[in-house]
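Okay, handing you the structure first.
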Amino acid sequence: MDQKRTEIAQLGEFGLIDRIKSNFSLQNPTSLKGIGDDAAVIDIGTENVLISTDMMLEGIHFDLAYMPLQHLGYKAVAINVSDIAAMNGKPEQIIIGLGLSNRFSLEAVDMLYEGINAACKNYKVDLVGGDTTSSSSGLVISITIIGRAAKEKTVLRSGAKNNDIICVTGDLGAAFLGLQILEREKQVYQANPQMQPDLEKYEYLVGRQLKPEARMDIVYELAEKNIVPTSMIDISDGLASELLHLGKNSNTGSKIFEDKIPIDALAYDTAIEFKIDPTTTALNGGEDYELLFTIKASDFEPLKNHPDIHFIGHMHDNVNQNVMISKQGTVVPIQAQGWKHF
Ligand code: ADP
Ligand code: MG
């Protein structure tokens, strides 16, 4: 009998998730939003509970040759908080699943949890449980986060409308370039262990890779100004991929302007040094954990002078038409990569 075999890479990460989703229907009226957003949305009556999970595997998401364990613990929490921020919610509890190989000592676990604790304090989340097992394939950290949001303030990927303004926080591409620097220095060190890594000049980029922050500050500032984005997502895979998610889920197209994409000066120069187009690092680099969101045109005024929110374009009615106007004025279709890990 012929057994059909399809490679996962053929579907890609998002194709695979779509396929899983298509085989399930929600059975409980309390499940307001299931698969397909940054967090699930659960109806608890007066408010919504938000739940999300993110796993980090040694050798795939991090390399202990350059990732200090404290930073790893901090990052594992921060990337989960970022998914709650992307729903415009407030994080409250985390549960940690840990797979440890016998290479790890108690002191190593202590360092990991030092970083987890620092993030818990910073984002005011409580560690309320978890599970511990041994692992034969390196370190595994899986964190589930629980948050909450008022019903009318819960922001999905699907609410953007024609003419809404596309906003992005911070700057993009730096985390990817930080990773390139770390990889380069690792290779230099392996070739010649006497060589000390020269990371000082690239401190900002390396910091963006090793110790990202979730943009809860933006969530709180928007709340203060009484602004609720019409749609939102956090930038874990790169601006291009996230923009396509907003467009697809909102049934809109998008138009952004290359010269409006925020790129840090050092990131720009370093991309050139690596012979990579700086815009590509922003579009496809990933791991910046900034927020990408849309606002109604009427909410532009109170945000227009914000030092850390950039207005890069707008949504429009031509569904599936997602384009970037380049610095030369040409129209470039926006394409996602999105299947890196397969
Ligand atoms: P994010 O980058 O915001 O963490 P993902 O791209 O990982 O989001 O996931 C997108 C959606 O797919 C989320 O709703 C997530 O819960 C869901 N998802 C991802 N993997 C699976 C899986 N193996 N089974 C069911 N749902 C999944
Ligand atoms: Mg996300």
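Among Glu290, Glu183, which comes first, second and so on when ranked by fewest other beta-carbon atoms within 10 Å?
Glu183, Glu290
Could you work out the relative contact order of region 165-333? I mean the mean sequence separation of Cα pairs under 8 Å and 6+ apart, divided by the number of residues, in percent.
The normalised contact order for region 165-333 reaches 40 percent.
Tabulate in residue order the Karplus-calculated ³J(HN,Hα) for region 299-310, using 6.51 cos²θ - 1.76 cosθ + 1.60 with θ = phi - 60°, rounded to whole Hz; enter x for Gly and Pro.
Result, ordered by residue: 9, 5, 3, x, 9, 4, 9, 5, x, 10, 10, 10 Hz.
For each of Phe257, Phe274, count neighbouring Cβ atoms within 10 Å of the residue's Cβ, then give the residues from fewest to most.
Exposure proxy ranking, most exposed first: Phe274, Phe257.
Please state the shape class of region 180-267: rounded when a/c is under 1.5, otherwise prolate if a/b exceeds b/c and oblate if not, all from the C-alpha gyration tensor.
prolate
Take the residue pairs Lys186/Lys248; Lys33/Lys296; Lys124/Lys248 and return only those whose Cα atoms are more than 31 Å apart.
Lys186/Lys248; Lys124/Lys248
My understanding is that a pair violates if its Cα-Cα distance is over 19 Å; which of Lys211/Lys304; Lys90/Lys153; Lys211/Lys275 do that in this structure?
Lys211/Lys304; Lys211/Lys275
Looking at the chain, identify the longest residue range that excludes and avoids all trypsin sites (Lys or Arg not before Pro) in DSSP loops having at most 16 other Cβ atoms within 10 Å.
So the longest stretch without any such site is 6-102.
With runs of 4+ DSSP H residues as the only contributors, calculate the mean residue ellipticity of the chain at 222 nm using -39,500 (n - 2.57) per run, divided by the residue total and rounded to the nearest 500.
The helix-only estimate for the chain comes to -10500 deg cm²/dmol at 222 nm.
Name the residues whose placed amide hydrogens come within less than 5 Å of the amide hydrogen of Val323, ignoring near sequence neighbours (fewer than 5 apart) on the same chain.
Close amide H contacts, sequence-distant or interchain: Ser254, Lys255, Ile256, Ile334.
Shape call for region 27-153 from the C-alpha gyration tensor, a ≥ b ≥ c root eigenvalues: rounded (a/c under 1.5), prolate (a/b greater than b/c) or oblate?
The shape class here is prolate.
Does region 1-85 classify as rounded, prolate or oblate by the C-alpha gyration tensor (a ≥ b ≥ c root eigenvalues; a/c under 1.5 gives rounded; else a/b over b/c gives prolate, otherwise oblate)?
oblate
Defining a contact as two alpha carbons under 8 Å apart and six or more residues distant in sequence, what relative contact order in percent does region 27-153 show?
37
Compute, for region 27-153, the length of the dipole vector about the Cα centre, with Cβ point charges of +1 (Lys, Arg) and -1 (Asp, Glu) only. Units Debye, rounded to 20.
The dipole of region 27-153 has a size of about 220 debye.
Using θ = phi - 60° and the Karplus form 6.51 cos²θ - 1.76 cosθ + 1.60, what ³J(HN,Hα) does each residue of region 227-235 get, whole Hz, x for Gly and Pro?
Going residue by residue, I get 9, 10, x, 7, 8, 7, 7, 9, 8 Hz, with x marking Gly and Pro.
Read phi for every residue in region 277-288 and hand back ³J(HN,Hα) as whole Hz from Karplus 6.51 cos²θ - 1.76 cosθ + 1.60, θ = phi - 60°, with x for Gly and Pro.
Using θ = phi - 60°, the values come out as 5, x, 5, 5, 5, 6, 6, 10, x, x, 6, 7 Hz.
Regarding region 274-342, what are the three Cα extents along the principal axes, ordered largest first, in Å?
Taking the Cα atoms of region 274-342, the three principal extents are 40, 28, 28 Å.
Now for a different question. Given a cut-off of under 8 Å on Cα pairs at least six residues apart, what relative contact order in percent is computed for the chain?
Relative contact order, the chain: 22 percent.
So between Thr132 and Glu183, what do we pick up on full extension, going 0.36 nm a residue minus the alpha carbon distance?
15.4 nm
Can you give the Kirkwood hydrodynamic radius of the chain from its Cα pairs, in Å with one decimal?
21.1 Å is the Kirkwood radius here.
Label-point separation (nm) for Glu301 and Val319, each offset 7 Å from Cα along Cα-to-Cβ?
Going from the Glu301 label point to the Val319 one covers 3.4 nm.
Just name one of His310, Phe176, Asn48: the one whose Cα is farthest towards the positive end of the charge dipole of the chain (beta-carbon charges, Lys/Arg +1, Asp/Glu -1).
Asn48
Another one. Got a sec? How would Ile116, Ile263 order by Cβ neighbour count within 10 Å, fewest to most?
Final ranking by Cβ density, sparse to dense: Ile263, Ile116.
Read-outs throughout are calculated quantities, based only on the coordinates presented, and are distinct from any laboratory measurement. Model, not experiment: these values are computed from the prediction. Here the Cβ is made from the backbone with ideal geometry for all residues, glycine too, and neighbour counts use every protein chain on show.
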